[in-house]
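The values are calculated or read from the model by the stated rules, or taken from the named source; none is laboratory data. On a predicted model such as this, the values are computed, not experimentally measured, just so you know. Cβ atoms come from the backbone with ideal geometry, glycine included; neighbour counts cover every protein chain shown. The protein model used for the area step is the full one, side chains on, heavy atoms only, and it has no ligands, DNA or RNA in it. Shrake-Rupley method; radii C 1.70, N 1.55, O 1.52, S 1.80 Å.
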Amino acid sequence: IIFFNEPIGTYPNLDTNQVKSQIAVLNNDFAGTGSGVSNVPSAFANLVNNTGIRFCLASKDRQDAPLVPKGIERISASANSWLSPATATLDLQNYFNTVIIPATIWDPTKYLNIWVSDKPNNYPLNGFSTYPPGTNLTGLFGGTFGTTTNDGVWLWAKACGTVGTVQAPNDLGRTGTHEIGHWLGLRHIWGDGN
């Protein structure tokens, strides 16, 4: 969680329960049991399956020390002399990709990195991700492929999880499911290319 000077539990320095609610949504969605699964159009209903992918919060930090609480590293942007992620003139994705992510990334061969922060009011995205590094999947274009310095997902703090500071209509944890789908090599099902 990238915050500025906010205390734990104060937006965007999310409390542990909000983070855990996002993990629960991911596990349900990737198990094929997520909320709304009964609304899948009949033409695709036979494709709803358990992917066998399960998410959990890391129990150790980058230096292999116990991580308390599990899965959450809180990083102060102000203590690192970084701009606030909510800075109005900030190109958020570029700033994260060139400043914050390289300075905070965990080994992407062992972890799915998820950064959560505030964003500028006019920033149009609620999340972004890299595609899988070294993939031979065809049809992936217009995105960034993961490397040792950028691999992972960014989520807006108001679109992370289902409780706490989430903001409708992004209060179902589905931004995380969507972006992690890209991280695993999925494109948009509505078609985003030729």
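On a per residue basis, the convex hull of the C-alpha atoms belonging to the range 5-52 measures out at 89 Å³. Across the range 119-129, computed HN-Hα scalar couplings (Karplus, 6.51 cos²θ - 1.76 cosθ + 1.60, θ = phi - 60°) run 8, x, 3, 8, 6, x, 8, 9, x, 8, 8 Hz from first to last residue, x flagging Gly and Pro.
With a cut-off of 8 Å between alpha carbons and a minimum separation of six or more residues, what is the relative contact order of the chain in percent?
24 percent
Accessible area per residue for the range 46-109, computed on protein heavy atoms with a 1.4 Å probe, is 60 Å². In this structure the amide hydrogen of Ala58, modeled in the peptide plane, comes within under 5 Å of the amide hydrogens of Gly71, none closer than 5 places in sequence on its chain. In the chain, the DSSP-assigned H stretches of four residues or longer account for a calculated mean residue ellipticity at 222 nm of -5000 deg cm²/dmol, using -39500 (n - 2.57) per stretch and the full residue count as denominator.
Here the 3J(HN,Hα) profile of the range 160-174, calculated from phi with Karplus coefficients 6.51, -1.76 and 1.60 at θ = phi - 60°, is 10, x, 10, 10, x, 8, 4, 10, 4, x, 9, 10, 10, x, 7 Hz, Gly and Pro shown as x.
Binning all Cα-Cα separations of the chain at 10 Å, short to long from zero, yields these whole-percent fractions: 9, 35, 39, 15, 2, 0. Amide H contacts for Thr144 (H built 1.01 Å from N in the peptide plane; partners 5 or more residues away or on another chain; cut-off under 5 Å): Tyr131. Once backbone amide H atoms are built at 1.01 Å from N, Thr162 has Ser21, Gln22 as its partners under 5 Å, excluding neighbours fewer than 5 places away on the same chain. Relative contact order for the range 87-194: 26 percent, from Cα pairs under 8 Å spaced at least 6 residues apart, divided by residue count.
For Asp107, neighbours were defined as the other residues whose beta-carbon sits under 10 Å from its Cβ, and their charges (Lys and Arg +1, Asp and Glu -1) total +1. Each Lys and Arg adds +1 at its Cβ and each Asp and Glu adds -1 at its Cβ; summed about the Cα centre, the range 1-121 shows a dipole of about 240 debye. Got a number for carbon plus sulfur as a percent of the range 1-149's accessible area, 1.4 Å probe? Percent of accessible area from carbon and sulfur atoms in the range 1-149: 53.
Beta bridges assigned by DSSP with both partners in the chain are antiparallel in approximately 40 percent of cases.
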